[in-house]
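The values are calculated or read from the model by the stated rules, or taken from the named source; none is laboratory data. Nothing here was measured: the structure is a model prediction, and the numbers come from that model. Virtual Cβ from ideal backbone geometry, glycine too; neighbours counted across all protein chains shown.
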């Protein structure tokens, strides 16, 4: 055989195996960058961009650069499905980050499951999300956000145990997010033997919450528990002010959305919600650097990240995936999956340090102990309990 | 009783929001027998232009009103020239339906690209502290919506009945061909009626924006409800529009309270179906006999 052929073959193998042959690693990024959930989607995307930029500047993953393929799902299930198929079949992404809306996640991730491509949910909180395929041999859906079955018990605990408010009214929107969250809330309240005195519903874009609030008021509720997103939550807060009926609002983490805080203004003060990340005060040096970099790079209005939780979780999700790809030394779905389920080295994120975050049976990175309560005060989210603001300092 | 007063007052406020948008449908239907299905989008554009004036240029709310009205007129005239006139000219029975819907979608896309798709708060010109009135809490802004809508409708009625130009509009509405023979420039009148209808929509937009939030998507749901109001009340009756709006607003709020908030939209739309079945010209509409 010709000696030149040998040399060529050896050289080619050497190039591929040493990583001298650098390929781009394509991550899909899907979320609503426009519309009522946009403050979460855009913050998530910017967090992802920040992390990808840092990783690339530090030499990439095993010498390969991360390339983001961003798509706006407009919070619509059908758009999410189209995007999933496009990212899998045309863009050939190795994994997808994102999903803000529980409904979109549930509709879209089955395509990734079938294609054996991991999905890292970094914002959507529906409890069902990581348990959508209970009968599958391998589950390709992961999450680094606080699931509703973590948040709902915290909300119930804050209302019933801490504040002693037993007459609760639940106000939830009619989407998948609101209604699945309502179920989790009812389950969490049952632990305390509490049945809601009123459970009301509304549609996205409803302009008047009078009838819902009147029902809650008539039923004698002394606290409003919410499962909805920013604009409608603001209508609730403003509606309560209009009725001159001021009761505490405790709800899912969406009460920290800019569209709630900005639109409700002073009526939003005191709204309380579980949070994985609060912009200030920064409790770890890592968090401070992250916030500073974010503000420098994206210059949000008033120096406030529109949705700090989404930004932080988006940022962490990239590092988690990158760590798995590094460990697997491969971009094949099943290998990334195996690495994610058994991460050898801790991942230093802004929400926390992820020490073996996932296992074969548990695809939730964030546990109840990693979540704190936040409260809206004068246009920004603060720690509800002073000890949380310092406890995480290392 | 307090509860009932509260439901009634909120229902009236919501109902007048619908009515003031529905009023625009009636204006164009009267003169040309056509409707602007982009009425919701005209409202949305008015509200967003108003928001830009107030937020970006720091203009006073009341100073911004005439600018928004002017913008509405131009926008409405544009819709008529581009979308409706060609359809009327070729006597196409339904061309205007598609073209006004198409223009509405185009406007929505423009708005999304200029203002984004977030729901934006609109600064209120009046204090947001509620006032107690007959046992119900009412926002000053809600009263402004009701008063503003009524004043606007009265002004348009006054214009139509008392001025020479208004009489041209009424003449065109009654019999376009006869009016044309009398020397009235009927196509100009139709353009004008579109301009007027978009003006009312844009005005309605800035009127309700402090209550509803502003955004590219606000036209869709409101436009649809307003259309239902126009059908329930009758497309040929100004009185019917107000009554239709109040009926829908109060029924919605009352259903939410007395039955279930999950079924809030159902009775109003059942009413719409009943009206279409038994009195297609609307509760207050004059039935027209069409010879074929």
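The residues of region A:74-118 that are away from chain B (no Cβ under 14 Å) and out of contact with any helix residue (DSSP H, G or I) (no Cβ under 8 Å at 6 or more places or on another chain), listed by number, are A:82, A:86, A:87, A:89, A:90, A:91, A:92, A:110, A:113, A:114.
Restricting attention to region A:129-139 and to residues that are in contact (Cβ under 8 Å) with a residue 40 or more places away in the chain and surrounded by 15 or more Cβ atoms within 10 Å (Cβ to Cβ), the residue that is farthest from residue A:228 (Cα to Cα) turns out to be A:139.
The lone criterion from (1) free of Cβ contacts under 8 Å to residues at least 24 places away in the same chain; (2) more than 30 Å from residue B:224 (Cα to Cα) left unmet by residue A:211 is number (2).
Residue A:98 - would you say it is surrounded by fewer than 24 Cβ atoms within 10 Å (Cβ to Cβ) and either at negative phi or touching a residue at least 60 places away in the same chain (Cβ under 8 Å) (or both)? If you could, list the steps in order and put the result at the bottom.
Numbers: surrounded by fewer than 24 Cβ atoms within 10 Å (Cβ to Cβ): no; either at negative phi or touching a residue at least 60 places away in the same chain (Cβ under 8 Å) (or both): yes.
So residue A:98 fails the test.
Of the residues A:189, A:165, A:171, which single one is surrounded by 20 or more Cβ atoms within 10 Å (Cβ to Cβ) and more than 23 Å from residue A:307 (Cα to Cα)? Can you show your working first?
Numbers: A:165 fails: surrounded by 20 or more Cβ atoms within 10 Å (Cβ to Cβ); A:171 fails: more than 23 Å from residue A:307 (Cα to Cα).
It is A:189.
Hey, among B:219, B:244, which residue is within 30 Å of residue B:69 (Cβ to Cβ), buried (at least 24 other Cβ atoms within 10 Å of the Cβ) and within 14 Å of chain A (Cβ to nearest Cβ)? Before you say what the answer is, go through the steps one by one.
Numbers: B:244 fails: within 14 Å of chain A (Cβ to nearest Cβ).
Answer to the check: B:219.
Checked against (1) within 30 Å of residue B:62 (Cα to Cα); (2) modelled with pLDDT of 90 or more; (3) surrounded by fewer than 18 Cβ atoms within 10 Å (Cβ to Cβ), residue B:205 passes all but condition (3).
Is one or more of the residues making up region B:67-83 at pLDDT below 90, under 21 Å from the mean Cα position of the chain (by Cα), assigned to a helix (DSSP H, G or I) and more than 14 Å from chain A (Cβ to nearest Cβ)? Walk me through it before giving the result.
Our first condition is that a residue be at pLDDT below 90; within region B:67-83, this holds for B:83.
Right, trim to under 21 Å from the mean Cα position of the chain (by Cα) and you get B:83.
Still in the running and assigned to a helix (DSSP H, G or I): B:83.
Next cut, more than 14 Å from chain A (Cβ to nearest Cβ) only: B:83.
Yes, the conditions are met somewhere in region B:67-83.
Any residue at all in region B:113-123 that's farther than 30 Å from residue A:264 by Cα and part of a helix (DSSP H, G or I)? No: zero hits. For region B:26-51, taking the residues that are within 14 Å of chain A (Cβ to nearest Cβ) and touching a helix residue (DSSP H, G or I) at 6+ places or on another chain (Cβ under 6 Å), the one that is surrounded by the fewest Cβ atoms within 10 Å (Cβ to Cβ) is identified as B:40.
For region B:97-131, filtered to residues that are in contact with a helix residue (DSSP H, G or I) (Cβ under 6 Å, 6 or more places away or on another chain) and more than 14 Å from chain A (Cβ to nearest Cβ), the residue that is modelled with the lowest pLDDT is B:125. Selection over region A:182-216 of residues that are part of a helix (DSSP H, G or I), within 14 Å of chain B (Cβ to nearest Cβ) and either out of contact with any strand residue (DSSP E or B) (no Cβ under 6 Å at 6 or more places or on another chain) or under 21 Å from residue B:18 (Cβ atoms) (or both) gives a count of 5.
Restricting attention to region A:143-181, the residues being within 24 Å of residue A:107 (Cα to Cα) and in a strand (DSSP E or B) number 3.
Across region B:1-25, the number of residues qualifying as buried (at least 24 other Cβ atoms within 10 Å of the Cβ) and under 16 Å from residue B:233 (Cα atoms) comes to 12.
Of all residues in region A:58-66, at least one satisfies being within 19 Å of residue A:314 (Cβ to Cβ), without any contact (Cβ under 8 Å) to a residue 24 or more places away in the chain and out of contact with any helix residue (DSSP H, G or I) (no Cβ under 7 Å at 6 or more places or on another chain). Of the helices (runs of 4 or more DSSP H) entirely within region B:132-197, those holding at least 2 residues that are farther than 16 Å from residue B:241 by Cβ and within 14 Å of chain A (Cβ to nearest Cβ) occupy B:140-162. Taken over region B:253-272, residues that are over 13 Å from residue A:203 (Cα atoms), within 23 Å of the chain's Cα centre (by Cα) and more than 8 Å from chain A (Cβ to nearest Cβ) amount to 6.
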